[in-house]
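> Can you keep this structure in mind? I'll have questions shortly.
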Amino acid sequence: MQALYDDMLPGITERQAAYAAAVGEALGGVCDVVVGDPVKTRADVDRVVGELAADGLDGLLVVMLTYGPAMHVSRALAGVDLPVCLVNTQPEGAITDAWDMGDLTYNQGIHGAQDTANALVRSGRPFHVITGDWQSSEFVDAVGLWARAAAAVTRWRALKVAIFGYTMNGMGDIRVDEHAFLRSLGPQVDALGTGLLVRAVAEVEDDAVRGLLDSEDARFEVDPRLSAAEREDHARMQLGLRALLDAGGYRAYSTHFGAIAEDGRFARLPLAAASSLMADGYAFAAEGDSVTASLMAAAQDMLGATQFTEMYAMDFPRDAILMSHMGEGNWALARADRPVRLIKRPLGIGGLGDPPTFLFQYAPGPCTLATLVALEGTRFRLVVSEGEILESDELPALEMPYGLFRPDSGVRNCMDAWLRLGGPHHQVLNPGRHADAWRAFCAAAGIELALV
């Protein structure tokens, strides 16, 4: 609304433009910032928002330079295909007895933020809000957190997920309306025939197999009972999967054990392959679960190394839950003081040969568990629980990656809420406490958030 003040305060446009540039410079350590021109009219807004949206950016920060009437920005912000964050700040963080009408005008952005927020709410447009002194580290960190979430959402909208075979029959909580998933959130789910994997495995070069086996020998404690044929078969499956994913532009995938077993051309399940691909940054979920595979890709983009897991059993004396899966786990998140082992493991599921399997314990410490619930139509809910992986002794008879998760809210409260909210049985787990990051992600993606 600077046009109203141009006569009263000559130079206000240039002064506030310098303030906007200073905010952008202050954020340079946590994100790449492009500062648009100050806008005074709806035509200005439409032009600048259009320019920014066309610039390949991950999100749009809206900063009030003076009072900003929402009718100028309502249509542009409701329609822009970028995550939006409303920044509620002002040039000076403290009011002093030297302030006059000019100072009040320069620092009156808060009620413009209220007007704009009201318009966004009325339009149904998801958005995030950050209030604070732009010169503080807390403010910069908050914008950095949102920027990572916005980038994850923007990448999510172009995500491709490969499902080898089909989603496990009878398993309902991992199913999704793929049209609604694509339309509302962006991930594209493609079903691929297992024959593609057969051919990709056959095309793996011997030198690549030897290189992979040598790297495993150097990094892991390898079970001497594993035969050369078992290890070579596992290596070829890992390299074949990687080649297929890279060729198709897939950052996430699932190989349902039933589809692999029923194909008739595989000797064993690619459990170790899933573990190593997760460690290399490919998102994974078991049993044809495209929803959790997609969520893992978002978690990797926003939070780094991510564990695919599920709740196996509750331990009431320790107020904890045993987290594990059939044999797939990201060994990049193993505890550092115990070796990661590649073992020969009998496994009746699938009716195939013994699958080489990585065995390790999750690293103890604070962590965050998250799962995405597909509700009706385009409604999705993210259920998040903060807690910790406990320091614990090894379970010598358990031949798969595992850890004991104690939710901050306690097992009883957490599980009661989890079940009431429809939380499915597959989850992603990240070291550290990241409820705020998931909150920003949900605001950017338009997903309901539930903390349990």
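> From the set of residues in the range 360-382 that are farther than 13 Å from residue 323 by Cβ and touching a helix residue (DSSP H, G or I) at 6+ places or on another chain (Cβ under 6 Å), which is surrounded by the fewest Cβ atoms within 10 Å (Cβ to Cβ)?
377
This table checks each residue for (1) modelled with pLDDT under 90; (2) of a type in the set (A, V, I, L, M, F, W, C); (3) part of a helix (DSSP H, G or I); (4) open to solvent by less than 30 Å² (accessible area, probe 1.4 Å).
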site	(1), (2), (3), (4)
67	yes, no, no, no
75	no, no, yes, no
87	no, yes, no, yes
93	no, no, no, no
104	no, yes, yes, no
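> For the range 269-295, which positions are among the aliphatic types (A, V, I, L, M) and touching a helix residue (DSSP H, G or I) at 6+ places or on another chain (Cβ under 8 Å)?
269, 272, 273, 277, 278, 279, 283, 285, 286, 291
> Right, next: List every residue pair whose Cβ atoms lie under 8 Å apart, where the two residues are 6 or more positions apart in sequence or sit on different chains, the first residue falls within the range 153-168 and is charged (D, E, K, R), and the second residue, located anywhere, is open to solvent by 40 Å² or more (accessible area, probe 1.4 Å) and outside any loop (DSSP other than H, G, I, E, B).
So the pair list comes out as 155/301; 160/188.
> Would the range 12-20 turn up any residue that is surrounded by 14 or more Cβ atoms within 10 Å (Cβ to Cβ) and within 24 Å of the chain's Cα centre (by Cα)?
Looking for residues that are surrounded by 14 or more Cβ atoms within 10 Å (Cβ to Cβ) and within 24 Å of the chain's Cα centre (by Cα), one finds none in the range 12-20, hence no.
> What is the number of the single condition among (1) surrounded by fewer than 15 Cβ atoms within 10 Å (Cβ to Cβ); (2) over 25 Å from the mean Cα position of the chain (by Cα) that residue 9 does not meet?
The failed condition is (1).
> Right, next: Return the total of residues in the range 238-281 being of a type in the set (Ser, Thr, Tyr), farther than 19 Å from residue 166 by Cα and assigned to a loop (DSSP other than H, G, I, E, B).
0
> Every residue in the range 320-344 that is open to solvent by 20 Å² or more (accessible area, probe 1.4 Å) and either among the charged types (D, E, K, R) or in contact with a His (Cβ under 9 Å, 6 or more places away or on another chain) (or both), please.
Hits for the range 320-344 are 337, 338, 341, 344.
> Can you name every residue in the range 174-208 that is part of a loop (DSSP other than H, G, I, E, B), under 27 Å from the mean Cα position of the chain (by Cα) and surrounded by 15 or more Cβ atoms within 10 Å (Cβ to Cβ)?
Once the filter is applied, which keeps residues that are part of a loop (DSSP other than H, G, I, E, B), under 27 Å from the mean Cα position of the chain (by Cα) and surrounded by 15 or more Cβ atoms within 10 Å (Cβ to Cβ), the range 174-208 yields 174, 175, 176, 185, 186, 187.
> State whether the residues of the range 121-142 include one that is out of contact with any Gly (no Cβ under 9 Å at 6 or more places or on another chain), among the acidic types (Asp, Glu), over 30 Å from residue 184 (Cβ atoms) and modelled with pLDDT of 95 or more.
no
> Criterion first (within 28 Å of the chain's Cα centre (by Cα) and open to solvent by 50 Å² or more (accessible area, probe 1.4 Å)) does residue 251 satisfy it?
yes
> Any idea which of 225, 219, 242, 236 is crowded, with 21+ Cβ neighbours inside 10 Å, of a type in the set (Lys, Arg) and either touching a strand residue (DSSP E or B) at 6+ places or on another chain (Cβ under 7 Å) or modelled with pLDDT of 95 or more (or both)?
So the residue among 225, 219, 242, 236 that is crowded, with 21+ Cβ neighbours inside 10 Å, of a type in the set (Lys, Arg) and either touching a strand residue (DSSP E or B) at 6+ places or on another chain (Cβ under 7 Å) or modelled with pLDDT of 95 or more (or both) is 236.
> Only one residue in 424, 401, 407 is more than 30 Å from residue 83 (Cβ to Cβ), open to solvent by less than 10 Å² (accessible area, probe 1.4 Å), touching a helix residue (DSSP H, G or I) at 6+ places or on another chain (Cβ under 8 Å) and not hydroxyl-bearing (Ser, Thr, Tyr). Which one?
None of the others qualify; the one that does is 401.
> Please verify whether residue 45 is at pLDDT 90 or above, closer than 17 Å to residue 16 by Cα, β-branched (Val, Ile, Thr) and in a helix (DSSP H, G or I), treating the condition exactly as stated.
yes
> Counting only residues that are over 14 Å from residue 75 (Cβ atoms) and among the aliphatic types (A, V, I, L, M), which one in the range 42-59 is surrounded by the fewest Cβ atoms within 10 Å (Cβ to Cβ)?
So the residue we want is 54.
> Okay, next question. Restricting to the range 267-277, what's the tally of residues that are buried (at least 24 other Cβ atoms within 10 Å of the Cβ) and of a type outside the set (S, T, N, Q)?
6
> Count, please, the residues in the range 438-452 that happen to be of a type in the set (Gly, Ala, Ser) and either without any contact (Cβ under 8 Å) to a residue 40 or more places away in the chain or not in a helix (DSSP H, G or I) (or both).
Result for the range 438-452: 2.
> While we're on this one: May I ask you to say which residue of 150, 119 is open to solvent by less than 30 Å² (accessible area, probe 1.4 Å) and touching an Asp or Glu at 6+ places or on another chain (Cβ under 8 Å)?
Of 150, 119, the one residue that is open to solvent by less than 30 Å² (accessible area, probe 1.4 Å) and touching an Asp or Glu at 6+ places or on another chain (Cβ under 8 Å) is 150.
> Okay, moving on. Six or more apart or on different chains, Cβ under 6 Å: which pairs go from a residue in the range 377-397 that's small (Gly, Ala, Ser) to one that's open to solvent by 70 Å² or more (accessible area, probe 1.4 Å) and part of a strand (DSSP E or B)? Could you list them?
Going by the 6 Å Cβ cut-off, the qualifying pairs are 387/406.
The values are calculated or read from the model by the stated rules, or taken from the named source; none is laboratory data. As the structure is a computational prediction, the values presented were derived from the model and not from experiment. Ideal geometry is used to build each Cβ from the backbone, glycine not excepted, and the neighbour counts take in all protein chains shown. SASA here: full protein model, heavy atoms, side chains in, ligands and nucleic acids out. Shrake-Rupley method; radii C 1.70, N 1.55, O 1.52, S 1.80 Å.
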